[in-house]
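**Q** My questions will all concern the structure given below.
The values are calculated or read from the model by the stated rules, or taken from the named source; none is laboratory data. As the structure is a prediction and not an experimental result, all values here were calculated from the model. Here the Cβ positions follow ideal geometry from the backbone for every residue, glycine too, while neighbour counts run over all protein chains shown. Areas reflect the complete protein model, heavy atoms only, side chains present, ligands, DNA and RNA absent. Shrake-Rupley method; radii C 1.70, N 1.55, O 1.52, S 1.80 Å.
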Amino acid sequence: MSVTVLLLLVTLCVQGGYGEEREEVQRPGHVSVVIVGGTGDLAKKYLWQGFFQLYINQVSSGNTFSFYGGGLSPADKATPLLFEILKAVSCSKDVSQERCALLKDQFLRLSQYRQLKTLEDYQDLAEHIKKQLQQEGMTEAGRLFYLSVPAFAYADIADKINNSCRPASGAWLRVVLEKPFGHDFRSAQVLASQLGSSLKDEEMYRIDHYLGKQVVTKILPFRIENKRFLDPIWNKQHIERVEIVLKETLDVKGRIPFYDQYGVIRDVLQNHLTEVMTLLTMRLPVNLSSSEEVLQNKLHIFSSLLPLEKNQAVIGPVPSHTNICSSANKQSCLCVSAVLAHIDQAQYEDVPILLISGKMLDERVGYARILFKNDIFCLQNHNSIHCKPKQIVFYFGHGSLQYPAILVSKNLFKPVLTDSEWKEVTEHTDVSVLGLSLSDYYVQTPTEQREAYTELISHIFAGRKNSFISTENLLASWGLWTPLLSTLSSSFPRIYPGGADNGDLLDVRLKGKDIRFNSEVVIISPDQMGSTSAGGFQVMQGKFRSADMVSAWAEELVERLAADIEELAEAAVRESGVFHLALSGGSSPLALFHRLALHHFSFPWRNTHVWMVDERCVPLTELESNFYTLHNHLLQHVRIPYYNIHPMPVQLNHRLCVEEDGGAQLYETEISKWVNGSSFHFVLLGVGYDSHTASLFPGTKVKEFGESLVALTESPVKPHQRMSLTFSAINRAQRVALLVMGKGKHELITQLSRVKDDPEKWPVTGVKPTNGRLVWYMDYDALLG
Ligand code: BG6
């Protein structure tokens, strides 16, 4: 049934990425290719096409082939399926239609389906191959098993191959494996040792399909060809940073069980992006075709990488995934991650290497960019090339450019082009790539685009080991990523909506050796998801103790509060010409004071009256005085008329807070005189660890204050004597804000969410504006602990 093609060549020379490359000398003969999982998705999409291309390339090489699609299903069911797949393979443009039809026909006749389930199935296959070789008098060159099956089946299949399918001596055995190769260092080690008991290291070909992408295979040859330009600038003095990016638009739907266990770091960063990083930074091999040298140089980079700490990564799941995040394994559900790596070598010291990948982003694109420092300041002609970013971009594909390319900004150098499989692009479409229009680059692209799998299949056949992941390489990579994965289990992920709606939510900022999201916005504890309703992704809105609640990270929260106060102030001034604002002491409002003073320049201070919610019975000029703090942090920085400022009269007749001096009554009279109906427009309150608010502490007999607006009170902590607005004054207000910040308040917030109103025990529960509105402003630390 097989067609035998004459043996012609003894040595194969492939013009790969780098012209000098010479492949392992191998004996031509018959090659049996077995795709285990031969009717699966990967096989259907890439593998059969790759093997058809191999067949075309080898047709006159002296090698002959048989192709087997293997699977668990019986042959009668799966054979038609396999042939449907095989019929879809195609030839490259340079093959004529007639020739293509002939080649396809041969390829189909060389192929068959075989059930590969039990050891006997594998033994039968071996028997079949043996007979075929004998019948046709062929010498066996080798057997190639491509395991396109879930990783848990590897060890068992490898064992079966080892026991029954090894070729006779003199012929090679190659077993190809797809990631995942474990999910951390330990599991990778276990899998490696299981496989190691059946297969020799040189027989294993671990695929990382990024190593087959044309641009990626060209990184080392490009660095070598352009050594004289790159040597002076490929270092910390010149490189601003390195970015290795894979953005995708797809969700992980359909792969949820996989993502539940793996997440984007394991799926993409640990392998594809890490491999690209090593190619960009490793010492150039003297002999590019020496797998050992390439591997050694790669390993050297791994050993020089600084450990990845928790602050060097940010992570996020998409909302559709948050229920998965509530599982114990929450870091693995992540769909986006940005990680900052550093190499501890003099050449790259402090050069940030950003690895970033995510699903459900705005576009599909992959690239590695080396951004160089540009110390030229252009005063006038900003369009002149020397004012523009200096960069080299290894563009893997998709995105605005749509084709793979290497782009060198024209303010760097004109790259050398010696490889006949690459050409220069001189006709520039109106496209911009990473901040530069295409015409600002020297652009090189492959003459013919090839799928990564097709490329790698030809490398497997040629025995080019440096396009694959060796055990040492794999373990070195897991050694880098495993500790980070463990520390991330305690990180809060940022939830993002997906697509264009992400806006700048996922922008990251590099700070020294750390990385963080640029905007300090919502990172909701997964455990809280669903118990609060999200109103936008920056600030969450909900209910707390049946009042409104606004929650965000501290910075965002304070800005929201400042903006709300300003809005109310403007409305009040428009309506009545004046705004009455009562402010609390304590440390929580300090950030608000700064925000108001430094960012809200149009706040109507001229028409604002500032009142005190409470005061400590100390001279106003003392550090402990609330007024002193208010003055230092806010009042002295804004243009508020002196006569609009109303400190509490705690010091009268040269003494502090003496009942007979009537300070509280004086303040009350002042309020009644200035504030319409004694109803402040805005009262800002805090809440203490014991739930006190204003200077109303647990145990204060609040009922005894009757209708009074101001009272002298006692604090359990020094200074004990206080003057405070009463609930009568507070609850007359039009708007009351309760600002709660910091992890330390979380326990209190948890209790408050359960207790009934009892102002003498839990004073803050006495805040219930009669006609106004109460809003809790709570940061995530306080809300979620
Ligand atoms: C795969 C990952 O290895 O690479 C996928 O499992 C990812 O999640 C894919 O989408 C990206 O490959 P490419 O070739 O589309 O950039």
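**Q** Suppose a student asked you for the relative contact order of segment 42-110, using Cα pairs under 8 Å spaced at least 6 residues apart; what percent would you report?
**A** Details: 25 pairs, mean separation 32.3, N = 69.
Normalised by residue count, the contact order of segment 42-110 is 47 percent.
**Q** Something else: If you average the sequence gap of Cα pairs under 8 Å that are 6 or more apart and divide by the length of the chain, what percent do you get for the contact order? Can you show the working numbers first?
**A** Numbers: 1524 pairs, mean separation 76.2, N = 785.
It comes to 10 percent, rounded to a whole number.
**Q** Please give the direction-averaged projected area of the C-alpha convex hull for segment 3-178, in square nanometres with one decimal. The partial results should precede the final answer.
**A** Values: hull surface 42.7 nm².
Computing the convex hull of the Cα atoms and averaging its projections yields 10.7 nm².
**Q** Grab the alpha carbons of segment 529-661, take their convex hull, and tell me the volume per residue in Å³.
**A** Values: hull volume 20.5 nm³, N = 133.
Given the Cα convex hull of segment 529-661, per-residue volume reads 154 Å³.
**Q** Quick check on my link table: of LYS44/LYS298; LYS117/LYS213; LYS44/LYS131; LYS390/LYS511; LYS673/LYS703, which ones sit more than 26 Å apart, alpha carbon to alpha carbon?
**A** Numbers: LYS44/LYS298 33 Å; LYS117/LYS213 33 Å; LYS44/LYS131 29 Å; LYS390/LYS511 22 Å; LYS673/LYS703 24 Å.
Pairs exceeding 26 Å: LYS44/LYS298; LYS117/LYS213; LYS44/LYS131.
**Q** I need the trypsin sites (Lys or Arg not before Pro) found in segment 648-721, filtered to DSSP loop residues with at most 12 other beta carbons within 10 Å of theirs.
**A** Values: sites: ARG655, LYS673, LYS701, LYS703; in loops: LYS701.
Those that pass, being in a loop and sparsely packed, are LYS701.
**Q** Could you work out the per residue convex hull volume over the alpha carbons of segment 353-427, in cubic angstrom? Display every interim value, and only then the final one.
**A** Values: hull volume 10.9 nm³, N = 75.
Measuring per residue, one finds 145 Å³ for the Cα hull of segment 353-427.
**Q** Return the carbon/sulfur percentage of the accessible area of the chain, one whole number, probe 1.4 Å, all protein chains in place. Working shown, then result.
**A** Working: 17070 of 33840 Å².
Ligands and nucleic acids excluded, carbon and sulfur give 50 percent.
**Q** Right, here's the next one. With N denoting the number of residues in the chain, provide Rg(C-alpha) divided by 2.2 N^0.38 Å, to two decimal places. Please list the in-between numbers first.
**A** Values: Rg = 35.3 Å, N = 785, 2.2 N^0.38 = 27.7 Å.
Rounded to two decimals, the normalised Rg is 1.27.
**Q** Given the rule -39500 (n - 2.57) for each run of at least 4 DSSP H residues, summed and divided by the residues of the chain, what is its mean residue ellipticity at 222 nm, to the nearest 500 deg cm²/dmol?
**A** Details: 22 runs with 223 residues, N = 785.
Helix contribution divided over all residues of the chain: -8500 deg cm²/dmol.
**Q** If a helix is a whole DSSP H run, which ones in the chain reach 30 Å or further along their own axis (Cα) and hold a mean Kyte-Doolittle hydropathy of at least 1.6? Please report the intermediate quantities before stating the final value.
**A** Numbers: long enough: 554-576 (32 Å, -0.12).
None clear 30 Å together with a mean of 1.6.
**Q** Let me ask something else about it. Determine the relative contact order of segment 370-438: mean sequence separation of Cα pairs under 8 Å and six or more apart, normalised by residue count, in whole percent. Don't jump to the answer; show the numbers that get you there.
**A** Details: 75 pairs, mean separation 16.5, N = 69.
Result for segment 370-438 is 24 percent.
**Q** Which value, in Å² rounded to 10, gives the accessible area of THR713 with a 1.4 Å probe and all protein chains present?
**A** Roll a 1.4 Å probe over it and THR713 shows about 10 Å².
**Q** Full-extension gain between SER197 and ARG109, please, as 0.36 nm times their residue separation minus the C-alpha to C-alpha distance. Intermediate values should be presented prior to the final figure.
**A** Working: separation 88, 0.36 × 88 = 31.68 nm, distance 3.54 nm.
Extra length from SER197 to ARG109 when fully extended: 28.1 nm.
**Q** Additional query: Can you put GLU421, GLU202 in order of accessible area, largest first, using a 1.4 Å probe? Mind dumping the intermediate values first?
**A** Details: GLU421 55, GLU202 120 Å².
Final ranking, largest accessible area leading: GLU202, GLU421.
**Q** May I pose another question? Just to be sure I understand the model, the point goes 7 Å from the Cα along the line to the Cβ. What's the resulting ASP548 to CYS378 distance in nm?
**A** Label-label distance for ASP548 and CYS378, simple model: 4.8 nm.
**Q** Using DSSP, restrict attention to beta bridges with both residues in the chain and report what percent are antiparallel, rounded to the nearest 5.
**A** On the way: 61 of 121 bridges.
DSSP beta bridges in the chain are roughly 50 percent antiparallel.
**Q** Same structure again: When the solvent-accessible surface of protein heavy atoms is calculated with a 1.4 angstrom probe, in what order do ASP375, ASP124 fall, highest first?
**A** ASP375, ASP124
**Q** Obtain the radius of gyration and the Kirkwood radius of segment 212-517 from its C-alpha atoms and give Rg over Rh.
**A** On the way: Rg = 19.3 Å, Rh = 20.3 Å.
Here Rg/Rh amounts to 0.95.
**Q** Moving to a separate point now. Could you provide, to the nearest whole Å², the per residue accessible area of segment 3-178 with probe 1.4 Å? Could the numbers behind the result be given before it?
**A** Details: 8160 Å² over 176 residues.
For segment 3-178, the solvent-accessible area averages 46 Å² per residue.
**Q** Take the alpha carbon atoms of segment 58-123, find their center, do the same for segment 609-639, and report the distance between the two centers in whole angstrom.
**A** 84 Å
**Q** Which three extents, in angstrom, do the Cα atoms of segment 128-213 have along their principal axes, listed largest first?
**A** 47, 31, 20
**Q** How many nm separate the modelled label positions at SER602 and ARG364, each set 7 Å beyond the Cα in the direction of the Cβ?
**A** A separation of 4.4 nm, rounded to one decimal place.
**Q** With each pseudo-label sitting 7 Å past Cα toward Cβ, what's the VAL431-LEU250 distance in nm, one decimal?
**A** 2.1 nm
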